[in-house]
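Novice: Pasting in a structure now, in structure tokens, and then I'll have a few things to ask.
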């Protein structure tokens with residue numbers, strides 16, 4: 001699964017709760033506090049001065065809980081961005097960027113590649129022959145390049161890249 005390390009899943013460690021679950025828990029806790037507070041305000045009028053002080057401190061509790069939730073959400077985001085899957089995606093994107101492939105071109109490239117792979121895999125006999133011919137061409141090209149000196153190899157590869 002993206003964002004979770006396989007080591008964490010296999011080790012039996014319980015995953016951290018999501019920020020959404022924590023927000024719902026904090027909201028429910030705050031609602032229970034408000035209902036209890038209002039009930040005490042109505043039924044214990046002699047303690048309203050103390051309840052008034054508690055009311056002011058509940059605002060501090062809500063602000064601290066919101067800050068803690070924001071920090072926890074950032075922690076989850078940071079942890080997921082440092083996972084092996086995200087590192088792999090970042091390397092892939094960097095390689096595409098270095099190769100000069102625009103994000104708009106990736107879909108076209110993948111569609112063409114999938115089309116070629118689909119054509120080749122339809123007939124296993126033809127696929128085997130294409131593979132053998134491709135490796136034969138690669139061996140011939142490699143053998144030819146191995147005979148060149150550094151300057152000739154540089155010029156040959158430079159002319160291919162243009």
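Novice: Suppose we keep only residues that are in a loop (DSSP other than H, G, I, E, B) and under 30 Å from residue 79 (Cα atoms) within the stretch 10-58. Which one would you say is modelled with the highest pLDDT? I'd like the intermediate steps shown before the answer.
Specialist: Residues of the stretch 10-58 in a loop (DSSP other than H, G, I, E, B): 11-18, 44.
Okay, now just the ones that are also under 30 Å from residue 79 (Cα atoms), so 11-18.
Working: 11: 54, 12: 60, 13: 60, 14: 67, 15: 70, 16: 69, 17: 74, 18: 77.
Out of the qualifying residues, it is 18.
Novice: Determine which member of the set 68, 40 is in the same structural domain as residue 19 (by TED's automatic domain parsing) and under 22 Å from residue 19 (Cβ atoms).
Specialist: On the way: 40 fails: under 22 Å from residue 19 (Cβ atoms).
Of 68, 40, the one residue that is in the same structural domain as residue 19 (by TED's automatic domain parsing) and under 22 Å from residue 19 (Cβ atoms) is 68.
Novice: Does residue 148 satisfy the condition of being part of a loop (DSSP other than H, G, I, E, B) and either at pLDDT 80 or above or in contact with a strand residue (DSSP E or B) (Cβ under 6 Å, 6 or more places away or on another chain) (or both)?
Specialist: yes
Novice: Next question, about the same structure. Any residue that is at pLDDT 85 or above, part of a helix (DSSP H, G or I) and either over 30 Å from residue 23 (Cα atoms) or not assigned by TED's automatic domain parsing to the domain that holds residue 22 (or both) - is there at least one of those in the stretch 98-106?
Specialist: yes
The values are calculated or read from the model by the stated rules, or taken from the named source; none is laboratory data. Since the structure is predicted, the reported quantities are computational estimates derived from the model, not experimental observations. Ideal geometry is used to build each Cβ from the backbone, glycine not excepted, and the neighbour counts take in all protein chains shown.
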